[in-house]
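Comments concern the structure below.
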Amino acid sequence: MRKINILAACMTCMCFVWAQDVASFQREIAEKAKGLEIVGGGIPGTILVAGRPAFPLVAGRVGKASVPVAAAATFEKGRIVALSHEGFISHDGLAKPSNREFLLASLRWLSGDAAPKRICLLKHCGRKFVDAATAAQCAVQVLDRVDELDAVELPAVLIVNPESYPLSKMAKVREFVKRGGGALCTVVGWGWLQVSGKTSFQTESSFNALAGPAGLYTNGDSVDPVEGKRFATVGSASRIWSCEAALALLDGKAEAKEDDARQASYMLTAFGPVLPPDDRQYRPALEKIVEGSLHSIVPSPRNPLTVKQTADRLALSLFLENWQRNPEKVYPAHPAARAYPGVPESKQRETRTITVDLSVPRWHGTGLFAVAGEPVTVTLEDGAEREGLRVRIGTTECRNVTHDKWMRAPVVTVEVPLRKAVTTFSSPFGGMIYVVVPHGKSGKVNVKVGPACPAPWFVQGRDTADTWKKSIRSFPAPFAEIESDQIVFTVPSSCIRELDDPQPLLDLWKEALEVDAELTALPLPRRHAERICADVQLCMGYMHSGYPIMIPWHSAKHLVNVQTLRAGREDDVWGFFHEMGHNHQNYDWTFDGTTEVTVNFFTLACMERICGRKPRQTKMGSADVQQAYARWEKAGHPYDMWKGDPFLALEFFVRLRERYGWEPFKKMFAEYRKLTPAERPKNDYEKRQQWARRFSRIVGEDLCEQFNRLRNPGEPPFTPPQDGGQK
């Protein structure tokens, strides 16, 4: 008994020391850093805290939940600090005093509460972190291989992006930390998910493999700032920041407050899909919560799942995670499929053979809709299984796990690799079927797909208004597609049942896309068509850009109505042109504060060409915009004020458009397309400087004085190039 008491006393003492160490580090970050910012743009991901020995440092918001973007953990003799975006410690990021203080405090803590003696960078990705290493003012050691960490003399700190290295290399980094090293890690989980081709944070993420044993994970969510562009330090945290705290809340007898329920719901549904399958610390508790609840879950717009229905949300999350991790199975229909994407009433099914042009990357339509729970077989011609093809069911790209209300299952699409001559599987939700082609391929292959429900599918150059009207538009699938080599619309079939001829619609959008391509000097022909898809609930914004552009359900009827589009009523069409503009922006000429400004060059140009509305006949002609501009001028042109109001900022450029037309914009943007890496702007100041110099040279007037309003305090003024050069 005495031995047990002594052990308990030792454990209590260790926990006390750990808590003191954590509180001291959090307090230093809160007092000195006072929040982090990503300068020049960037969207961080998450750093999820499982529980002790991990703890949060800096947070933003996912929906209405507070979620860390920076966190730390002790790990045996070593320590880890994780950041969810490299931009926090980039050259531009470290220009912010708060970011620099965060970095220096983190490096001290990682070195055992002393100034670091050595910063290690791995050669493969070290160039990203040279500025961060230089800021430490200590020796920098560049390693050719991860294996060289074994010989690094401690104390030392490794700055690394784990996702730049194979999963198998993380064991060496873990050993470095366990023997007393420090690791400052960066990761953008949502970015890794998009570009890696991987699907499982549980088994395929190098970051989770490295930091997960210490209680730090990432997932596929993006995190918004708490105010402006600032992410807040959390100080001595008492909120529900961890899976451990969320489980403790659910064990309590009193009903949780809504804010606490939201936090707990987010943490538990976030951790379900990222914890390793063999986790024995948290996964058993999560699975116990959801026992017996799965079959009652039917989220819909009329009956959404709310944050207080934590068990149901967690159950659905775990089901979705298992499905996404094991998509090559035959799943029964999920009842939520009726809410979205829908279930056809007709029993009509077809099997089709589609010729796929491999020189065109991304999604290739089939005109078929997979019915929830019904097996679909994909058969490839000989050799095609080596092309890296995938079959996709579902069009939406919106993952809605962060919303307070789930109006549909938050994940409804799936991609399955086609590694065999014959692949049979089913989706529990169904959706339009696509063959997905990777970049860099050539030739053509035949792919046989079915059985599935035929959808209204009009392809320019293949179908006529007559065949569309007589038969195609009546096909029974709940979604329809209208397609050209430049654009594809995926909308509820109810929107096109009365559409007699899709060709004028495609002609209009061909014209709009030509406007965008001319303005940004996009090389033609396009590598693939743009896509626009309707959904009953979007993951962010009223609409958002991407592939596909996502629009709300109720706006689909405007998207396919030529008369509405030509009329140019802004509530109906501004958003379509705006989101398509985002897909054409060049971030060499989009500087801090102008992501939602330069995009509207495309909006205004399309409104002008397609709808006959010049800029002053749009919202840029409103008295509110002119009054805001007058207030800005009266206040002495404060740059922060300008950046904080997108339409005030747009007014600056509209005045240039009124004076010089669109041609100087086109000429300048064409120049940016041809820049060599050495000529491209290296930071945000250079972006603005090049704007001022290039535009001045093109119009033959010195406009640098006007652009000097767009400077941060202390920055040198923009001046014309003395040698008459391009920049």
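The table below lists the values:
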| read-out | value |
| --- | --- |
| Sites E148 and E350 - FRET efficiency at Förster radius 51 Å, r taken between beta-carbons, to 0.05 | 0.30 |
| Residue-averaged [θ]222 nm for the chain, counting only DSSP H segments that reach four residues, each worth -39500 (n - 2.57) | -10000 deg cm²/dmol |
| In order through the stretch 122-130: 3J(HN,Hα) via Karplus (6.51 cos²θ - 1.76 cosθ + 1.60), integer Hz, x for Gly, Pro | 8, 3, 4, 10, x, 4, 5, 10, 4 |
| The stretch 207-291, relative contact order in percent, only Cα pairs under 8 angstrom and at least six apart counted | 24 percent |
| Restraint check, K128/K257; K32/K682; K96/K117; K64/K288, Cα-Cα greater than 32 Å | K128/K257 |
| Sum of side-chain charges, V177 neighbourhood, beta-carbon under 12 Å (Lys, Arg +1; Asp, Glu -1) | +4 |
| Helical segments meeting 15 Å axial Cα length and Kyte-Doolittle -0.5 threshold in the chain (DSSP H) | 2-28, 97-110, 310-325, 503-520, 595-611, 646-660 |
| Cα Rg, Dmax (largest Cα-Cα span) when computed across the chain, Å | 27.3, 91 |
| Residue-level accessible surface for M580, protein heavy atoms, 1.4 Å, Å² | 0 Å² |
| Protection proxy ranking of 423-435, 463-475, 239-251 - average other beta-carbon atoms within 10 Å, highest first | 423-435, 239-251, 463-475 |
| Pairwise label distance in nanometres, D571 with A421, each label 7 Å out on the Cα-Cβ vector | 5.9 nm |
| Cα-based shape type of the stretch 429-571, given that a ≥ b ≥ c are square roots of the gyration tensor eigenvalues and the cut on a/c is 1.5 | rounded |
| Nitroxide proxy distance, nm - points 7 Å out along Cα→Cβ at A115 and N303 | 6.6 nm |
| Reference-scaled alpha-carbon Rg (2.2 N^0.38 Å with N residues) for the stretch 548-662 | 1.11 |
| Extension gain, K77 back to R680 (0.36 nm per residue minus Cα-Cα distance, nm) | 212.7 nm |
| Net charge over other residues, Cβ less than 12 angstrom from the Cβ of W553 (K, R count +1; D, E count -1) | +1 |
| Backbone N within the stretch 620-634 under 20 Å of label point (7 Å from M641 Cα along the Cβ vector) | 622-634 |
| Whole-Å distance, taken between Cα centres, linking the stretch 538-568 and the stretch 381-455 | 23 Å |
| Distance (nanometres) between label positions extended 7 Å along Cα→Cβ at L508 and Q194 | 2.9 nm |
| Accessible-area order (highest first, 1.4 angstrom probe) of the listed residues D357, D624, D224 | D624, D224, D357 |
| Amide H contacts of E530 (H built 1.01 Å from N, under 5 Å, at least 5 apart or other chain) | I487, V488 |
| Which of H554, H85 is most accessible, then next, and so on - probe 1.4 Å | H554, H85 |
| Gained length - K34 relative to R526, 0.36 nm times residue gap less alpha-carbon distance | 172.6 nm |
| Förster-model FRET efficiency, 35 Å R0, K614 and R497, C-beta, rounded to 0.05 | 0.45 |
| Ordering of 124-136, 446-458 by burial proxy (mean other Cβ atoms within 10 Å per residue, highest first) | 446-458, 124-136 |
| Most positive-pole-ward Cα, A452, A477, T467, against dipole of the stretch 436-484 from beta carbon charges | A452 |
| Relative contact order of the chain, pairs being alpha-carbon contacts under 8 Å that are 6 or more residues apart, as % | 9 percent |
| Pairwise FRET efficiency - E663 versus Q281, Cβ, R0 = 60 Å, nearest 0.05 | 0.40 |
| Peptides ranked, highest mean first, by Cβ atoms within 10 Å: ranges 661-669, 478-486 | 478-486, 661-669 |
| Point-charge dipole on Cβ atoms (K/R +1, D/E -1) for the chain, about Cα centre, debye to 20 | 720 debye |
| Backbone HN-Hα couplings from phi across the stretch 419-429 [Karplus 6.51/-1.76/1.60, Hz, Gly and Pro as x] | 9, 10, 5, 10, 10, 10, 7, 9, 9, x, 10 |
| Qualifying aspartates and glutamates (Cα of each under 16 Å from Cα of K444; at least 8 residues distant if same chain) | D357, E381, D382, E385, E387 |
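The values are calculated or read from the model by the stated rules, or taken from the named source; none is laboratory data. In this text the structure is predicted, and so the values were computed from the model without any measurement. Cβ atoms come from the backbone with ideal geometry, glycine included; neighbour counts cover every protein chain shown. Each accessible area value is taken on the protein alone, full model and side chains, heavy atoms only, with ligands, DNA and RNA left out. Shrake-Rupley method; radii C 1.70, N 1.55, O 1.52, S 1.80 Å.
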